[in-house]
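The values are calculated or read from the model by the stated rules, or taken from the named source; none is laboratory data. Please read all numbers here as calculations on a predicted model, not as lab measurements. Cβ: placed from backbone, ideal geometry, glycine included. Neighbour counts: every protein chain shown. To get the accessible areas, we keep the full protein, side chains included, count just its heavy atoms, and leave off ligands, DNA and RNA. Shrake-Rupley method; radii C 1.70, N 1.55, O 1.52, S 1.80 Å.
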Amino acid sequence: MSITNGYATLAQAKSELGISDTTDDTRLEVCVAAASRQIDSFCGRRFWVDGSVVAREFYADNSMVCYVDDISTVTGLIVKVDSADNGFVSGTTTLTITTDFILKPSNAADDVPVRPYTQIVSTGTNATFPVSSVRPGVQVTAKFGWPAVPDDVLKACLLQTTALFRGQDAP
């Protein structure tokens with residue numbers, strides 16, 4: 001087995017537990033994966049990044065602000081509004097970053113640790129977000145997730161991995 005979207009590597013888990021052989025590698029990988037998904041569940045978000053861009057639809061909170069899932073990077077970012085209110089079949093408007101909208105928090109890429117963008121805010125210049133429909137009015141194509149695993153998430157993963165790994169040895 002290999003760890004998929006884990007918040008710690010096998011090497012980090014082995015170092016944390018003081019293990020140098022390969023006897024328990026598979027069991028450790030399962031524990032890292034389980035600990036990572038427990039963190040996702042507890043936090044209500046994930047700290048790994050999509051491998052490629054993905055399109056998702058959102059409801060705007062008002063005509064100027066749309067809260068979105070964590071966006072890790074502006075690379076590949078496309079924002080469209082459903083101007084025709086027909087489910088993005090036709091009549092969509094593609095928005096341009098900094099001209100039509102900005103991402104918030106403004107300094108997410110410069111924060112330590114690097115944070116994701118969580119809001120799209122219209123500049124009001126050329127476009128606003130539709131809010132009256134029963135359909136989602138904003139389509140975002142992006143790499144969703146966190147740009148990097150925060151140190152505290154890594155440590156939480158290692159602690160929980162240790163607990164899961166040693167749990168089977170408990171009386």
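Under the condition of being in contact with an Asp or Glu (Cβ under 7 Å, 6 or more places away or on another chain) and buried (at least 19 other Cβ atoms within 10 Å of the Cβ), the residues counted in the stretch 24-54 number 1.
Go through the stretch 6-23 and report how many residues are open to solvent by 50 Å² or more (accessible area, probe 1.4 Å) and either within 22 Å of the chain's Cα centre (by Cα) or in contact (Cβ under 8 Å) with a residue 12 or more places away in the chain (or both). Final tally of qualifying residues: 3.
Of all residues in the stretch 143-155, those being over 18 Å from A11 (Cβ atoms) and either open to solvent by less than 20 Å² (accessible area, probe 1.4 Å) or not in a loop (DSSP other than H, G, I, E, B) (or both) number 5. Per the conditions (1) within 23 Å of the chain's Cα centre (by Cα); (2) surrounded by 16 or more Cβ atoms within 10 Å (Cβ to Cβ); (3) in a loop (DSSP other than H, G, I, E, B); (4) of a type in the set (V, I, T), the sole criterion not satisfied by I120 is (3). All conditions in (1) surrounded by 14 or more Cβ atoms within 10 Å (Cβ to Cβ); (2) at pLDDT 95 or above; (3) hydrophobic (A, V, I, L, M, F, W, C) hold for L159, with the sole exception of (1).
The set of residues in the stretch 27-68 that are touching a residue at least 12 places away in the same chain (Cβ under 8 Å), aromatic (F, W, Y) and more than 30 Å from V89 (Cα to Cα) comprises F47, W48.
Per-residue answers, yes or no, for (1) without any contact (Cβ under 8 Å) to a residue 12 or more places away in the chain; (2) touching a Ser or Thr at 6+ places or on another chain (Cβ under 9 Å); (3) in a helix (DSSP H, G or I):
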| residue | (1), (2), (3) |
| --- | --- |
| V131 | no, yes, no |
| V134 | yes, no, no |
| T141 | no, no, no |
| C157 | no, yes, yes |
| Q160 | no, yes, yes |
| D169 | yes, no, no |
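Taking first residues from the stretch 105-126 that are modelled with pLDDT of 85 or more and partners that are among the hydroxyl-bearing types (S, T, Y) and open to solvent by 40 Å² or more (accessible area, probe 1.4 Å), the Cβ contacts under 6 Å between residues at least 6 apart in sequence or on separate chains come to Q119/Y67; S122/T128. Number of residues in the stretch 62-95 that are open to solvent by 50 Å² or more (accessible area, probe 1.4 Å), in contact with a strand residue (DSSP E or B) (Cβ under 6 Å, 6 or more places away or on another chain) and not in a strand (DSSP E or B) equals 2.
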